[in-house]
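Okay, so here's the structure we're looking at.
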Amino acid sequence: MDKVIPPPIPSDAPRMPSRSTPTIRDVARIAEVSIGTASKALNAGGRLRQETRDKVLRVAREIGYRPNDLAQSLHRARSRTIGIISNDSFGRFTLPIVEALEEKLADEGIAVFMCNATDDPARERQHLDQLLGKRVDGLVVSARRADKRLPIGPLAHGLPVVYVFTQADDPDALCLLPDDEGGAVLAVEHLASNRRKRIAHVTGPEHFEAVRLRRNGYFDALATAGLQRIDGFYLSGSWSEAWGREAVAQLFDGGSAPPDALFCGNDQIARGMADALRERGIAVPGDVAIVGFDNWDVMALAARPPLTSIDMNLKALGREAGERLIDMISGKRVSGVQRRPCSLVVRESSGGWSKTEMEDTRSGNGPV
């Protein structure tokens, strides 16, 4: 991958105070031309000497001036558009978020431009420049994982930015995330409520924050349910069906008592484990109950049997991202990492009702 490095600014180049947003007046003053001349040069209009046009453009670049900076939005009509930048080329996580975000913004008469940066910082910067040039009123940044990333805010010159399903390494940023730890607690509580005693957790690589949070929720929920934490029942590997099949071999070929329930870090792992158990003649959910994570229909519904899974409620995150961005465009200050609840979707693989359904059953309102 080529690395794009911008040309250095000369040491004697004029600089703006860090707290100031450059304006066209600054460009004109430093370039020693009128505001009208600066406007013509920046907009490729009018009859100007090439030397003058080049000087104005050089000054604008050096001081970081953007003709359509949102900092001037109080002095102009808003564009009624926002930009979305994502690196989720597959779209598994971003598309549900964007769908709900678009629905929310459409109700406010706001259109959306979406760009895919594919983990390329140079491409992301190019997309950002293009969106700023389109005079967007705000930005939403999303990704295929919820880990921290470099903040985009400093490059946006004051534009409102909401991070959803990703988080910026910036204490002043607003980051909307699913509650991975709480989702893990839901999964283990569900299995424990259905009389499972030996619950294993098979998940993805530990360098992902979501993996560590789900692991913590798993251990906490075991303790709360009064269940033993069994050595070898926590396994970390890849996000794949192949790892799920391999983990079955590790858990069921060791000679010791195997688990009677599996909480999986995603639905791909869960589906691989279900297939491997079926090949061994181990019944799901009769002998072993399974709960996945993500509630990805492609995996959960096609599995045999269909998977009980934790839903991260990505559409709810998308709607909230739209609401918070509208607030920020209106001038409200919102920041911090905010985690939103997951939910449990019960299907055949776990062999029982959810905790809520069991409570409804005791009150006479359960499923029949």
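The values are calculated or read from the model by the stated rules, or taken from the named source; none is laboratory data. Keep in mind the model is a prediction, meaning the values are calculated, not measured. All Cβ positions, even for glycine, are placed from backbone atoms using ideal geometry, and neighbour counts span all protein chains on display.
Of the residues making up the range 236-253, those that are surrounded by 17 or more Cβ atoms within 10 Å (Cβ to Cβ) and not in a helix (DSSP H, G or I) are SER236, GLY237, TRP239. Scanning for something more than 16 Å from MET312 (Cβ to Cβ), polar (S, T, N, Q) and assigned to a loop (DSSP other than H, G, I, E, B), does the range 202-218 turn up at least one residue? No; the residues of the range 202-218 include none that is more than 16 Å from MET312 (Cβ to Cβ), polar (S, T, N, Q) and assigned to a loop (DSSP other than H, G, I, E, B).
Within the range 300-309, at least one residue is touching a strand residue (DSSP E or B) at 6+ places or on another chain (Cβ under 8 Å), buried (at least 23 other Cβ atoms within 10 Å of the Cβ), closer than 23 Å to GLY351 by Cβ and in contact (Cβ under 8 Å) with a residue 60 or more places away in the chain.
Of all residues in the range 27-67, those satisfying the criterion of being surrounded by fewer than 18 Cβ atoms within 10 Å (Cβ to Cβ), not in a helix (DSSP H, G or I) and not aliphatic (A, V, I, L, M) are GLU32, SER34, ASN43, GLY45, GLY46, ARG47, ARG49, GLY64, PRO67.
Tell me whether the range 253-263 contains one or more residues that are modelled with pLDDT under 95 and of a type outside the set (Gly, Ala, Ser).
First, pick out the residues of the range 253-263 that are modelled with pLDDT under 95: 253-257.
If we keep only those that are of a type outside the set (Gly, Ala, Ser) as well, we get 253.
Yes; the residues of the range 253-263 include at least one that is modelled with pLDDT under 95 and of a type outside the set (Gly, Ala, Ser).
Looking only at residues in the range 68-122 that are hydroxyl-bearing (Ser, Thr, Tyr) and either in a loop (DSSP other than H, G, I, E, B) or in contact with a Ser or Thr (Cβ under 7 Å, 6 or more places away or on another chain) (or both), the one that is modelled with the lowest pLDDT is SER89.
For ARG278, which of the numbered conditions (1) surrounded by fewer than 16 Cβ atoms within 10 Å (Cβ to Cβ); (2) in contact with a strand residue (DSSP E or B) (Cβ under 6 Å, 6 or more places away or on another chain); (3) modelled with pLDDT of 95 or more fails to hold? Going through (1) surrounded by fewer than 16 Cβ atoms within 10 Å (Cβ to Cβ); (2) in contact with a strand residue (DSSP E or B) (Cβ under 6 Å, 6 or more places away or on another chain); (3) modelled with pLDDT of 95 or more one by one, ARG278 breaks only (2). Is it the case, given these coordinates, that PRO285 is assigned by TED's automatic domain parsing to the domain that holds VAL188, closer than 23 Å to ARG347 by Cβ, touching a Phe, Trp or Tyr at 6+ places or on another chain (Cβ under 7 Å) and modelled with pLDDT of 95 or more? The answer is no for PRO285.
Within the range 254-275, take every residue that is of a type in the set (A, V, I, L, M) and assigned to a helix (DSSP H, G or I) and give me the one that is surrounded by the most Cβ atoms within 10 Å (Cβ to Cβ).
Filtering first and then ranking leaves ILE269.
Against the definition (at pLDDT below 90 and in a helix (DSSP H, G or I)), how does GLU323 come out, yes or no? In short, no. I'd like the full set of residues that are within 23 Å of SER335 (Cα to Cα) and among the acidic types (Asp, Glu), limited to the range 104-155. Hits for the range 104-155 are GLU108, GLU124, ASP137, ASP147. Condition check for GLY158 on (1) modelled with pLDDT of 85 or more; (2) of a type outside the set (Asp, Glu); (3) over 16 Å from the mean Cα position of the chain (by Cα): one failure, at (1). For the range 129-170, a residue qualifies if it is acidic (Asp, Glu) and crowded, with 19+ Cβ neighbours inside 10 Å, and exactly one does: ASP137.
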